[in-house]
Amino acid sequence: MHRKVRPRTLKAILAVGVLAAAGIAVPAANATEESAPRDTSVAPAAVPTHAVTGYWQNFNNGATVQTLAEVQDQYDIIAVSFADATSTPGEVTFNLDSAGLGGYTVEQFKADLAAKKSGGKSVIISIGGEKGAVAVNDDASAKAFADSAYRLMQEYGFDGVDIDLENGLNSTYMTQALKSLSAKAGSGFVLTMAPQTIDMQSTSNEYFKTALNVKDILTVVNMQYYNSGSMLGCDGKVYSQGSVDFLTALACIQLEGGLDPSQVGIGVPASTRGAGSGYVEPSVVNSALDCLTQGVNCGSFKPSKTYPGLRGAMTWSTNWDAAAGSAWSNAVGPHVHSLP
């Protein structure tokens, strides 16, 4: 994900009474992170068959500043960006950038998150980003990742996690961490991934291997079809970013490489300002969705079969979308939701 400004670090320490008033369950003093029950005050909603994912910026980089409540209704999965690494390998935390977001408080954030969930949305915490440095490469860091991510799910009510590690990952230990986290979270756990195009060129790549390893708990892989340059399609031909063929021919690699169609989504910038390169008009995204699901509106590449169960589309970010008058979500959202 493209992030120009690192969020300011603000640690909010809330008293038990404030947590209770916000409707957030507080574990007993002697509860461990492994045994403490997950907050079930708002039950997780099922992700729609065809879903739109949007990244919400926990920082101000010139895009429209939003509260979670202001995120456009077309988004079914909202990925809060980003969790922060701690000094402990694998461990993650979350620091709301209250100052950068105009005084947005932790209490209001939690209330808005609960309201989104009550409205049928899934809200997850994204791990990584362009500058994120979370390393999970041994048993200890895998455990630290799972335990700390689960604590964030308990504290804030997140439905799951998004893996957006752009500086490499270890498939063996990331698989271990995600399986452990899923076991802790139980039913309703949402797991998304946002690999770069190079990460999904071959099933031998660590990111692709991870996705296949966790296929039984994976919700969707929204590959980033931007900031990429040219890549190979599943037909062995080279395609340039910014075209319908780039979207369809690269999605085909994942679809034919072992992922279920429901686990594949198309990730694009919401506007020209959302990424350094690779922006396409919403109409191109819709054409790619039609090509992959119905075999119509294709470019020069046409897949040998259709994938009507394709999950949908993703954008970076809800904030850049808002800055452009929500043109992306207003065009792509209804199209995704009307797929057969």
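The values are calculated or read from the model by the stated rules, or taken from the named source; none is laboratory data. Please read all numbers here as calculations on a predicted model, not as lab measurements. Cβ atoms come from the backbone with ideal geometry, glycine included; neighbour counts cover every protein chain shown. With ligands, DNA and RNA removed, areas are computed over all heavy atoms of the protein, side chains included. Shrake-Rupley method; radii C 1.70, N 1.55, O 1.52, S 1.80 Å.
Summary of computed values
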{"read-out": "Residue in region 260-274 that is on the phi > 0 side of the Ramachandran plot and at pLDDT 95 or above present", "value": "no"}
{"read-out": "Condition broken by S87, with the remaining ones in (1) without any contact (Cβ under 8 Å) to a residue 40 or more places away in the chain; (2) crowded, with 21+ Cβ neighbours inside 10 Å satisfied", "value": "(2)"}
{"read-out": "Filter result for S87 (of a type outside the set (D, E, K, R), assigned to a loop (DSSP other than H, G, I, E, B), in contact with a Ser or Thr (Cβ under 8 Å, 6 or more places away or on another chain) and over 28 Å from M223 (Cβ atoms))", "value": "no"}
{"read-out": "Options V136, V52, V123, V47: the member that is among the β-branched types (V, I, T), assigned to a loop (DSSP other than H, G, I, E, B) and touching a Phe, Trp or Tyr at 6+ places or on another chain (Cβ under 8 Å)", "value": "V136"}
{"read-out": "Selection from region 173-190 of residues that are of a type in the set (S, T, N, Q) and either crowded, with 19+ Cβ neighbours inside 10 Å or more than 14 Å from G90 (Cα to Cα) (or both)", "value": "T175, Q176, S182, S187"}
{"read-out": "Wholly enclosed helices (runs of 4 or more DSSP H) of region 247-340 bearing at least 1 residues surrounded by fewer than 17 Cβ atoms within 10 Å (Cβ to Cβ)", "value": "282-294, 327-337"}
{"read-out": "Residue in region 227-240 that is open to solvent by 10 Å² or more (accessible area, probe 1.4 Å), out of contact with any Cys (no Cβ under 7 Å at 6 or more places or on another chain), β-branched (V, I, T) and assigned to a strand (DSSP E or B) present", "value": "yes"}
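One line per residue, one yes/no per condition, for (1) of a type in the set (F, W, Y); (2) buried (at least 17 other Cβ atoms within 10 Å of the Cβ); (3) at pLDDT 95 or above; (4) more than 20 Å from the chain's Cα centre (by Cα):
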residue	(1), (2), (3), (4)
H2	no, yes, no, no
R8	no, no, no, yes
S41	no, no, no, yes
W56	yes, yes, yes, no
